[in-house]
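Right, one structure below, let's go through it.
The numbers here are math on the coordinates, done by the rules we state, and not lab data. In this text the structure is predicted, and so the values were computed from the model without any measurement. Neighbour counts are summed over all protein chains in view; Cβ atoms, including those assigned to glycine, are modelled from backbone coordinates with ideal geometry.
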């Protein structure tokens, strides 16, 4: 008898029709910065100004275009970063060639550095307005780089939907410097109260994957993204992500 294939996890993302309830309040209204190149050249990262920055292209993301740069700080460190082409917000930052073989600082010291960096580059950033979903030492093995990873997301207070606005920071556990940063700050343009509730979303997910034996919902999350998910078309939608596990 031929065995049927085993699918340990099936992920189905269902679109929830937006149109009822209120829109989530953004952290702050985007402030246009034009043109982005002068804004890039005047950037200061953790107290150290840029000595030089060269634009090396643009790319589209799920929430707009970014301009990417390669640069050098006044202390000689090489960095790469990207700015939102419309708002001038710092979307990503990366510091090259950092030693991180030892964990010489603790979690709270690393978090302080992460919050300070985010406060400097994310307009209106306040820890109290975000939910912390990660704060830990990454790669604790002896031979692995030591970094602290922090992740904050904004949650709609009514529906508890995860909004696109987020901040991610990695702090070098040896130097105490921010090694990398990524963030998103956008206006949420769709209602954040779903017309399809959680129970209905789970039922639809199980029906869609009825061929999975003993299928069970192990997680479900309401979130705002773009459709297709994370692709650069700028069309926001309220979605349920439902994870069904079975054989």
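What does the C-alpha gyration tensor say about the overall shape of region 196-247? Classify as rounded when a/c is under 1.5, otherwise prolate if a/b is larger than b/c, or oblate.
Prolate, since a/c reaches 1.5 and a/b exceeds b/c.
For a footprinting-style exposure proxy, rank 94, 148, 69 by other Cβ within 10 Å, fewest first.
Ranking 94, 148, 69 by Cβ neighbours within 10 Å, fewest first, gives 94, 69, 148.
Of 167, 186, the sequence from fewest to most neighbouring Cβ atoms within 10 angstrom is 186, 167.
Kindly identify region 43-131 as rounded, prolate or oblate by the Cα gyration tensor criterion: order the square roots of the eigenvalues as a ≥ b ≥ c, call it rounded if a/c is under 1.5, otherwise compare a/b with b/c, prolate if a/b is larger, else oblate. Here region 43-131 falls in the oblate category.
If a/c stays under 1.5 just call it rounded; otherwise compare a/b with b/c (prolate if a/b is bigger, oblate if not). Do that for region 111-246, with a ≥ b ≥ c from the square roots of the Cα gyration tensor eigenvalues. Taking the square roots of the gyration eigenvalues as a ≥ b ≥ c, region 111-246 is oblate. Please tell me the relative contact order of region 117-247 in percent, rounded to the nearest whole number, where contacts are Cα pairs under 8 Å and at least six residues apart. Contact order relative to length: 18 percent.
Residues 131, 120, arranged from fewest to most other Cβ atoms within 10 angstrom of their Cβ, appear as 131, 120.
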